[in-house]
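Asker: Following this message is one structure expressed as structure tokens.
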Amino acid sequence: QVQLVESGGGLVQPGGSLRLSCAASGSIFSINAMGWYRQAPGKQRELVAAITSGGSPNYADSVKGRFTISRDNAKNTVYLQMNSLKAEGTAVYCCHATGVVSGVRYYPELWGQGTLVTVSS
């Protein structure tokens with residue numbers, strides 16, 4: 001059973017930084033795209049950033065220039081470095097992966113359970 005396990009959330013002051021990590025557990029052969037979504041209270045889930053297996057990133061306009069997504073394919077891990085955080089960045093951040101191959105099993109997509117990021121003074 002493949003799972004996505006996130007870490008790194010917490011409380012940070014406006015203007016501060018946090019780094020989220022998401023590791024795919026299990027015997028992984030390959031993962032297509034990996035990314036991060038977030039859902040703020042009372043709002044719909046939105047894509048924050050995603051990265052292809054080849055390392056090409058894609059960002060929401062609201063985080064461009066402040067957030068950086070990266071991945072380590074050898075560790076099946078994706079990272080989200082968040083700088084200059086704003087209060088509106090308060091949300092549950094969920095890891096997402098597509099096209100996961102593990103043994104003979106193929107997972108079209110997987111979701112992590114989410115990690116809470118609170119930006120407040």
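Asker: Pairs please, first residue from segment 22-35 and within 12 Å of TYR106 (Cα to Cα), second anywhere and part of a loop (DSSP other than H, G, I, E, B) and open to solvent by less than 40 Å² (accessible area, probe 1.4 Å), Cβ atoms under 6 Å, 6+ apart in sequence or on different chains.
Answerer: Close Cβ pairs (under 6 Å, with a partner that is part of a loop (DSSP other than H, G, I, E, B) and open to solvent by less than 40 Å² (accessible area, probe 1.4 Å)) amount to ILE28/ASN76.
Asker: Would you tally the residues in segment 64-81 being open to solvent by less than 60 Å² (accessible area, probe 1.4 Å) and either without any contact (Cβ under 8 Å) to a residue 24 or more places away in the chain or in contact with a helix residue (DSSP H, G or I) (Cβ under 7 Å, 6 or more places away or on another chain) (or both)?
Answerer: Within segment 64-81, residues that are open to solvent by less than 60 Å² (accessible area, probe 1.4 Å) and either without any contact (Cβ under 8 Å) to a residue 24 or more places away in the chain or in contact with a helix residue (DSSP H, G or I) (Cβ under 7 Å, 6 or more places away or on another chain) (or both) number 4.
Asker: With respect to the numbered conditions (1) out of contact with any Leu (no Cβ under 9 Å at 6 or more places or on another chain); (2) farther than 21 Å from PRO108 by Cβ, which one is the sole condition not fulfilled by ASN83?
Answerer: Every condition holds for ASN83 apart from (1).
Table: residues versus (1) open to solvent by 30 Å² or more (accessible area, probe 1.4 Å); (2) among the charged types (D, E, K, R); (3) in contact with a strand residue (DSSP E or B) (Cβ under 6 Å, 6 or more places away or on another chain).
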{"site": "THR90", "(1), (2), (3)": "yes, no, yes"}
{"site": "VAL101", "(1), (2), (3)": "yes, no, yes"}
{"site": "ARG105", "(1), (2), (3)": "yes, yes, no"}
{"site": "VAL119", "(1), (2), (3)": "no, no, yes"}
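Asker: For segment 26-112, give me every one of the strands (runs of 3 or more DSSP E) that falls completely inside it and has 2 or more residues that are of a type in the set (D, E, K, R).
Answerer: Per the criteria, 67-72, 105-111.
The values are calculated or read from the model by the stated rules, or taken from the named source; none is laboratory data. Treat the numbers as computed from the prediction; the structure is a model and nothing was measured. As a convention, Cβ positions derive from the backbone with ideal geometry for all residues, glycine included, and neighbour counts pool all protein chains shown. Accessible surface is based on the protein model in full, side chains and every heavy atom, while ligands, DNA and RNA are left aside. Shrake-Rupley method; radii C 1.70, N 1.55, O 1.52, S 1.80 Å.
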